[in-house]
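All of the numbers you see were taken from the coordinates with simple rules; none came from a lab. Small disclaimer: the values here were computed from a predicted structure and weren't measured. So basically every Cβ, Gly included, is an ideal-geometry build from the backbone, and we count neighbours across all protein chains shown.
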Amino acid sequence: MRAIISVSNKSGIIDLAKGLQGLNFELFSTGGTKKSLEEAGIEVHSISELTGFPEILDGRVKTLHPKVHGGILARRDLPHHLEELAQNQIKTIDLVAVNLYPFMKTVSRKGVPLEEALENIDIGGPALIRAAAKNFPSVLVMVDPEDYSPLLEKLRQGKIDLKERKRLAQKAFQHIALYDTAIAHYLRDEEGFPGEMTIALKKSSDLRYGENPHQQAAFYIEQFPGKLLSGIALATQLSGRELSFNNLLDLDAAINVVGDFSAPTVAIIKHNNPCGLASHHDLAEAYRRALAGDPVAAFGGIVATNQTIDLTTATEIDKTHYDAIIAPAFQPEALTLLKRKKDLRLLTLASTPAQTALDFRRISSGFLVQTPDFITDQEFNPRPVTQRHPTASEQRDLFFAWKAVRHIKSNAIVIAKDEAMLGMGAGQPSRVVSVDIALRRAGDRAKGIILASDAFFPFPDGVELAAKGGVTAIIQPGGSVRDEEVIAAANRYNIAMVFTGVRHFKH
């Protein structure tokens, strides 16, 4: 029997080669892999011995040869295939262990020139893998070092069934697909949407279940060639139970919320919405104000902050039950205190670059694809449209609420004062109902407050209800056919209103 071994990732390759040698495989290899095997005292032949042709073009062409691919692709169940091999003095190849040039690793380095990136696009490797995977009933193909030991054990037992061969072939084709996708993404211009597109995903972990216990789930990380990985995938779990599907959803929402703020900020997330949010120069006070936004809903939620959690803040957080806490860091005393709750998930995530990848939304027939939502510069220079302009304190709170409202499910309304969210209305079919919910949540605190709306008011009723509830200033995109009626209502109640010109729907 014959095997070709040619790998970039050399983990476990020595043990594999020794195991195959012990099973009387004749081994063939190339370049660095061959050198590694020889240094380990393993007898190995060069591909040139197999093909009778030297490697050429600086190694660009070495395995692309009929004596290689003929030996792999010949069907053992077709006599005329075997006759053609004999006529051309080609012997069968029974196993291919190949993984590819480290393209992703190469282009992830800063300032890598295009020429170097192109040289790390593997050609012979994918051809070998595809050929072996195509002929999987007769040829074993391995692309993952994790498969080496189990496969050797099955070979020693004498037979590998068709189901296992098929599994390895599927894994091989997927390996190539991810590799090709990474290359296509690297070469694609940043602008626009191509006519064809694939997504490169690599499994990070299996999850206990999905949104509900009867659903299976896993966490996959998108591969971004040439870009730094960012977001929840980079978080480090310090303690607590295994993260669940819903934990990851809420943690992702949480870090996106606090990431919009430069001042010390605390967000409390429940069911993907912030039920508490506040900024303050003292982090413990920011937490207390965030909790006051909805102390009932906060129970069992996620806490996130953009600052290191100190002992004072941790002591306040410890008074309420949460599923998880995420912060850039924890002071040692704070970590010791919070770790006492064995089930509480504690995570750290340093500040990371904003994600520039496309946003994919699953629907029954495919995906909707869009560029990510973000706050533009013009939104922090909104246009006053009422007779009264916002005061300095109102403007500060308007900007705070405007950052908050884009993270809340539409129709979204935020009520805020002193850079703290007092109430919010989310996910209602009617905007005026969202206003009503937010005001009722604010309760007795709803005096001298401001309001942010993620999209325009279609009728004056929302503004009228807000005025009666104690709102003194409103920030909204504008753009309704009834804007003049809405502005007139604001003027009647002496409300200051500004238009941003940009909406932030979150369906």
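Tabulated data
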read-out: The stretch 340-460, dipole about Cα centre (Lys/Arg Cβ +1, Asp/Glu Cβ -1), debye to the nearest 20; value: 500 debye
read-out: Positive-end extreme of charge dipole, the chain - chosen from ALA488, LEU277, ALA218 (charges on Cβ); value: ALA218
read-out: The chain: equivalent-ellipsoid semi-axes (sqrt of 5 x gyration tensor eigenvalues, Cα, Å); value: 60, 25, 19
read-out: Cβ-based exposure ranking for ASP189, ASP323, in which fewest neighbours within 10 Å come first; value: ASP189, ASP323
read-out: Degrees between helix 392-405 axis and first principal axis of the chain (Cα, 0 to 90, nearest 10); value: 40 degrees
read-out: Dipole axis of the chain (+1 Lys, Arg; -1 Asp, Glu on Cβ), positive-most option in GLY443, LEU140, LEU155; value: LEU155
read-out: Additional length obtainable on full extension of the chain from LYS110 to GLU211, 0.36 nm per residue less Cα span; value: 32.6 nm
read-out: Too-long pairs where the Cα-Cα distance tops 30 Å, listed order kept, from LYS105/LYS403; LYS67/LYS166; LYS67/LYS202; LYS10/LYS159; LYS202/LYS403; LYS163/LYS203; value: LYS105/LYS403; LYS67/LYS202; LYS202/LYS403
read-out: Flagged links, alpha-carbon separation over 30 Å, of LYS339/LYS447; LYS319/LYS468; LYS319/LYS409; value: LYS339/LYS447; LYS319/LYS468
read-out: The stretch 232-348 - Debye-derived log10 I(q)/I(0), Cα point model, q = 0.14, 0.16, 0.21 Å⁻¹; value: -0.46, -0.61, -1.15
read-out: Contour excess over end-to-end distance, with Cα ends at ALA184 and SER351 and 0.36 nm allotted per residue; value: 57.3 nm
read-out: Label point distance in nm, PHE193-ASP343, each placed 7 Å from Cα along Cα→Cβ; value: 4.3 nm
read-out: Net lengthening on full extension, HIS271/ASP318 (0.36 nm per residue, minus Cα-Cα); value: 14.9 nm
read-out: Order of MET1, MET497 - criterion: other Cβ atoms within 10 Å of each residue's Cβ, fewest first; value: MET1, MET497
read-out: Under 18 Å from the Cα of LYS134 - aspartates and glutamates, other chains or at least 8 residues apart; value: ASP77, ASP94, ASP144, ASP161, GLU164, ASP180
read-out: Test item: Cα-centred dipole of the stretch 232-348, Lys/Arg +1 and Asp/Glu -1 on Cβ, debye; value: 300 debye
read-out: Rounded to 10°, Cα long-axis angle of helix 283-293 versus longest principal axis of the chain; value: 70 degrees
read-out: In nm, spacing of pseudo-spin labels at THR236 and ASP377 (7 Å Cα→C-beta vector); value: 3.6 nm
read-out: Neighbourhood net charge (13 Å Cβ-Cβ; Lys/Arg +1, Asp/Glu -1) for SER6; value: +2
read-out: Residue-averaged 222 nm ellipticity for the chain, from DSSP H runs of 4+ at -39500 (n - 2.57), nearest 500; value: -10500 deg cm²/dmol
read-out: Selection from THR30, VAL405, SER205, by position along the positive dipole direction of the chain (Cβ); value: SER205
read-out: Label-to-label distance, nm, for residues given as LYS134 and PHE53 (7 Å Cα→Cβ offset); value: 1.6 nm
read-out: Charge dipole magnitude, Cβ of K and R +1, D and E -1 - the chain, Cα centre, debye nearest 20; value: 960 debye
